[in-house]
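Note sheet for the following structure.
The values are calculated or read from the model by the stated rules, or taken from the named source; none is laboratory data. Note that the structure is predicted; figures quoted are calculated from it, not measured. Note that we place each Cβ from the backbone using ideal geometry, even for glycine, and neighbour counts take in every protein chain shown. Please note that ligands, DNA and RNA were not included when accessible areas were found on the heavy atoms of the full protein model with its side chains. Shrake-Rupley method; radii C 1.70, N 1.55, O 1.52, S 1.80 Å.
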Amino acid sequence: MKDLEPPHDMVDAIGVAYERMLERAIENSHKISDRSGHFMHDAVDKAHERAVELNELTKDESERVAEYLKRDVEDAARYLQDTGDDLKHWLGFEREVFSDHILSLFAQAADQTTLALKELSNKARSNYETDDVVAPGIFVCSECGHRTQIKKAGVLPPCSECMGTIFTRDTSAEGGSESQS
C-alpha cells in the first residue's frame, strides 16, 4: 500500500481515508473468487471494516466513506462500459492534476466492476450531494449548471454560484471549470 501524506485538516483526512479504503478494496477484490454481482462492494465493505479495526475512522465515518467509494467505483465502471472512453474523461481533467496512483486504483476497481455491471440492469447516473466525499472530477450543479472542479478525493462543497447541493459528474472530454477545490 502506498504511503499517503499525513492530512492537514479533517477534509484532507477524509480524502486520505477514501484513498486508503480504495487501496484496501483493490487488495481485497483480488481475494474474492465469486466475481458476480457487486463483488467490489464486498471488497469495499472489508476495507471499511479494516479502517474501523485500525481506528483510522469511526464506524459512522467509515460507513460514509465506503458508500461514497462504492458510488464512485460504480459510476466510473458504468461510464467505461457506456462510453469505452479513457478514465481520465470520467475524472474530467488531465491526468497531470492528480496522482498516477489514484488513476491506477480507479482503473483497477472500475475495470473489475465493469464486468460485474454488465450482468446488472442499467441504472440512472448517480447524483452527488454537498458533503459527499468524491473522487476527483468536475461536478455540475443541477440547479444552475455551474461546474466545480475537485482535484483530489475530498468533500463536495455547495455550489459557489447558487449554493445548490445536488450535482452530476461532468464526463465530457472538454474538462476545465470555473470553480476549483
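A few comments on the model shown:
- Across region 52-72, the number of residues qualifying as over 17 Å from the mean Cα position of the chain (by Cα) and in a helix (DSSP H, G or I) comes to 4.
- Contacts under 8 angstrom Cβ, first residue in region 122-135 being open to solvent by 90 Å² or more (accessible area, probe 1.4 Å), partner at pLDDT below 85, 6 or more apart: ASN122/ARG78; LYS123/ARG78; ARG125/ARG78
- If the condition is being modelled with pLDDT under 95 and either in contact with a Cys (Cβ under 9 Å, 6 or more places away or on another chain) or not in a loop (DSSP other than H, G, I, E, B) (or both), then region 148-159 contributes THR148, GLN149, ILE150, GLY154, VAL155.
- Test: residue in region 84-104 that is within 27 Å of VAL140 (Cα to Cα), in a helix (DSSP H, G or I), open to solvent by less than 50 Å² (accessible area, probe 1.4 Å) and at pLDDT 85 or above: no
- Selection of first residues in region 59-84 that are in contact (Cβ under 8 Å) with a residue 12 or more places away in the chain and of second residues that are basic (Lys, Arg) and surrounded by fewer than 22 Cβ atoms within 10 Å (Cβ to Cβ), restricted to Cβ pairs under 8 Å at least 6 apart or on distinct chains, gives the following pairs, ordered by first then second residue: ASP75/ARG125; ARG78/LYS123; ARG78/ARG125; GLN81/LYS118.
- Top-ranked residue of region 38-60 - restricted to ones that are open to solvent by 20 Å² or more (accessible area, probe 1.4 Å) and closer than 16 Å to GLU74 by Cα, ranked as modelled with the highest pLDDT: ASP45
- Filtering region 136-174 to residues that are in contact with a helix residue (DSSP H, G or I) (Cβ under 6 Å, 6 or more places away or on another chain) and without any contact (Cβ under 8 Å) to a residue 24 or more places away in the chain leaves nothing.
- Taking (1) modelled with pLDDT of 75 or more; (2) within 23 Å of THR168 (Cα to Cα) in turn, ASN122 satisfies each apart from (1).
- Enumeration of residues in region 61-83 that are among the hydrophobic types (A, V, I, L, M, F, W, C) and open to solvent by 20 Å² or more (accessible area, probe 1.4 Å): LEU80
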